[in-house]
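Quick notes on the structure that follows.
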Amino acid sequence: MPELLRDPVARALASAIAALSLSRGMFFAVSALYFTRGVGLSPTTVGIGLTVAGGVGVCASYAGGRLSDRWGADRLQQWALAANGVALLGYAFAGDVVTFVLVAACVSASRGLQSTAQMTLLARWYVGPERVAVRARLRVVMNVGIGIGTLLAGTALVADTATAYRLTVVLVGAITVLGTIPLIGLRRRVSGLAERMDASAGAEVPRGPSPLRDRTYVASTALNALVAIHFALTSVGLPLWVADHTEAPTVVVSALLLVNTGYVALFQVRASRGTQDLRTAGRSVRRAGVLLLIACALFAVAGHLGAAAATAVLLVGALASSAAETRGEAGSWGMAFELADPARAGAYQGLSQTGLALALMLGPAVVTTTAIDHGTPGWIALGALFATTGTATAVVANRAAARRDQPSTSTVSTRAARCGAGERS
């Protein structure tokens, strides 16, 4: 992507995210097996521990916004990424439940701080369509990196030993720490970056009301978080559904993941075009909700078919779900950026990332208690939730856009009145 290479800030972020996503893909591939076979924890303990850690990450995502405003998003991004790498290294030394939960909490907290700092940096440095466009390109880098990392972890999976998994975890932490190198000294290398990042750092800068009092932003965050529950479809829902409730071979799970990764890499940038406009962003999320309803219906149908037909329907459903993901993400970014108070970018992006963190934490439970536990009715209920929420998000975006249009209309009327008064005089 030449745009990322030409822009020094985007280039630094892309390099850091490439390292982060590479390590994340490796970690996703081996973490469950490492925790159970390497550390010796039960699957239930791992689930509970990661849920507790997820709660810490939710709090850190919100706090990251305040810290970004106070200390600078670029500084927080760098230090949080380094802390995330060190925390991941800590997994290699986890030998009991207490240590595991503490390390997981540190990993989740540093990840929450890093993600909020990244969004704040984008909100402060870029303007208009640039923000969503750069965010979309960075997400492509992340998806490709995760895919490559997952493939690289195949060596450890083939060896299938506790030592191989532990060495992979060490490599994951080291790569993450190396990802901080492109961010070091960034504000010295890029003219004007320090001033933008520190715009809200001075004691004399008015703080303004909390974003929690901004009802439009809170509504947007909550609704987009509900749509974001769909991420659990790919990571949790489909693997369980394919393996236990369809005639399709289990290997289809890998194919569905490849479809998702490839689709996002190819079409995320295209899906983000124009979503800096609130109405366009709202339409994008609404379409995502409809596509998710279609995907959920297809997944439900697959449970009543033979192996070949179920496989075909699952692949079509994965395409619909992936298309929804690109549109939903693009629309949510546009709303998160455009509805925020520019003077308090960190606090607003912190709230937005808190909603996403909650969705990622609660998503697996929502998907399993609906689609997996109740089959076809559960899939339809889940799809209806996405479609309804997407439509409500579009309503919020349209009303916010209409309110923005009103001042400009009144200004034009005032100017016309003044001109008329001047002509009469």
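The values are calculated or read from the model by the stated rules, or taken from the named source; none is laboratory data. Computed from a prediction, not measured in an experiment: that's the story for all the values here. Cβ coordinates were reconstructed from backbone atoms using ideal geometry, including for glycine residues, and neighbour counts include every protein chain displayed.
So which of 365, 340, 295 ends up being at pLDDT below 95, crowded, with 23+ Cβ neighbours inside 10 Å and more than 15 Å from the chain's Cα centre (by Cα)?
Numbers: 365 fails: crowded, with 23+ Cβ neighbours inside 10 Å; 295 fails: at pLDDT below 95.
Of the residues listed, the single one that is at pLDDT below 95, crowded, with 23+ Cβ neighbours inside 10 Å and more than 15 Å from the chain's Cα centre (by Cα) is 340.
Any chance you could count how many residues in the range 28-83 are of a type in the set (Phe, Trp, Tyr) and closer than 30 Å to residue 196 by Cα?
In the first step, residues of the range 28-83 are kept if they are of a type in the set (Phe, Trp, Tyr); the result is 28, 34-35, 62, 71, 79.
If we keep only those that are closer than 30 Å to residue 196 by Cα as well, we get 62, 71, 79.
Residues in the range 28-83 being of a type in the set (Phe, Trp, Tyr) and closer than 30 Å to residue 196 by Cα: 3 in total.
Does residue 327 count as buried (at least 21 other Cβ atoms within 10 Å of the Cβ), under 19 Å from residue 387 (Cα atoms), of a type in the set (D, E, K, R) and in the same structural domain as residue 396 (by TED's automatic domain parsing)? Walk me through how you get there before you give the answer.
On the way: buried (at least 21 other Cβ atoms within 10 Å of the Cβ): yes; under 19 Å from residue 387 (Cα atoms): yes; of a type in the set (D, E, K, R): yes; in the same structural domain as residue 396 (by TED's automatic domain parsing): yes.
Criteria met by residue 327.
Assess whether residue 83 counts as being crowded, with 23+ Cβ neighbours inside 10 Å, touching a helix residue (DSSP H, G or I) at 6+ places or on another chain (Cβ under 8 Å), in the same structural domain as residue 174 (by TED's automatic domain parsing) and closer than 17 Å to residue 181 by Cα. Don't jump to the end; show me each part of the working.
Details: crowded, with 23+ Cβ neighbours inside 10 Å: no; touching a helix residue (DSSP H, G or I) at 6+ places or on another chain (Cβ under 8 Å): yes; in the same structural domain as residue 174 (by TED's automatic domain parsing): yes; closer than 17 Å to residue 181 by Cα: yes.
No: the conditions fail for residue 83.
I'd like to check something: does the range 19-42 contain any residue that is over 30 Å from residue 160 (Cα atoms) and within 21 Å of the chain's Cα centre (by Cα)? Quick ask: steps written out before the conclusion?
So in the range 19-42, the residues over 30 Å from residue 160 (Cα atoms) come out as none.
No; the residues of the range 19-42 include none that is over 30 Å from residue 160 (Cα atoms) and within 21 Å of the chain's Cα centre (by Cα).
Is the range 4-26 home to any residue that is under 20 Å from residue 363 (Cα atoms), of a type outside the set (Asp, Glu) and assigned by TED's automatic domain parsing to the domain that holds residue 157? Break it down into steps so the answer makes sense when it comes.
Narrowing the range 4-26 to residues under 20 Å from residue 363 (Cα atoms): 24-25.
Within this subset, residues satisfying the condition of being of a type outside the set (Asp, Glu) are 24-25.
Those still in the list that are assigned by TED's automatic domain parsing to the domain that holds residue 157 too: 24-25.
Yes, some residue in the range 4-26 is under 20 Å from residue 363 (Cα atoms), of a type outside the set (Asp, Glu) and assigned by TED's automatic domain parsing to the domain that holds residue 157.
May I ask you to list the residues in the range 387-425 that are modelled with pLDDT under 80 and not polar (S, T, N, Q)?
Scanning the range 387-425 gives 407, 412, 415, 416, 417, 418, 419, 420, 421, 422, 423, 424.
Kindly indicate which of 302, 336, 371 is among the aliphatic types (A, V, I, L, M) and in contact with a Phe, Trp or Tyr (Cβ under 7 Å, 6 or more places away or on another chain).
Details: 302 fails: in contact with a Phe, Trp or Tyr (Cβ under 7 Å, 6 or more places away or on another chain); 336 fails: in contact with a Phe, Trp or Tyr (Cβ under 7 Å, 6 or more places away or on another chain).
Selected residue: 371, the only one of 302, 336, 371 that is among the aliphatic types (A, V, I, L, M) and in contact with a Phe, Trp or Tyr (Cβ under 7 Å, 6 or more places away or on another chain).
Given the criteria small (Gly, Ala, Ser), over 22 Å from residue 135 (Cα atoms) and surrounded by fewer than 23 Cβ atoms within 10 Å (Cβ to Cβ), does residue 308 qualify? Talk me through it step by step, then tell me what you get.
Values: small (Gly, Ala, Ser): yes; over 22 Å from residue 135 (Cα atoms): yes; surrounded by fewer than 23 Cβ atoms within 10 Å (Cβ to Cβ): yes.
Considered against the rule, which asks whether it is small (Gly, Ala, Ser), over 22 Å from residue 135 (Cα atoms) and surrounded by fewer than 23 Cβ atoms within 10 Å (Cβ to Cβ), residue 308 comes out as yes.
If you take the residues in the range 111-150 that are out of contact with any Gly (no Cβ under 8 Å at 6 or more places or on another chain) and under 20 Å from residue 253 (Cα atoms), which one is surrounded by the fewest Cβ atoms within 10 Å (Cβ to Cβ)?
Filtering first and then ranking leaves 144.
So which residues in the range 32-62 are without any contact (Cβ under 8 Å) to a residue 60 or more places away in the chain, part of a helix (DSSP H, G or I) and farther than 13 Å from residue 108 by Cβ?
The answer is 32, 36, 43, 44, 45, 46, 47, 48.
Select, from 54, 40, the only residue that is assigned by TED's automatic domain parsing to the domain that holds residue 192, at pLDDT below 90 and on the phi > 0 side of the Ramachandran plot. Full working, then the answer.
Values: 54 fails: on the phi > 0 side of the Ramachandran plot.
Only one candidate qualifies: 40.
Of the residues 76, 102, only one is assigned to a helix (DSSP H, G or I) and either touching a residue at least 24 places away in the same chain (Cβ under 8 Å) or in contact with a strand residue (DSSP E or B) (Cβ under 7 Å, 6 or more places away or on another chain) (or both); which? It would help to see each step written out before you state the result.
Working: 102 fails: either touching a residue at least 24 places away in the same chain (Cβ under 8 Å) or in contact with a strand residue (DSSP E or B) (Cβ under 7 Å, 6 or more places away or on another chain) (or both).
Just one listed residue meets the conditions, 76.
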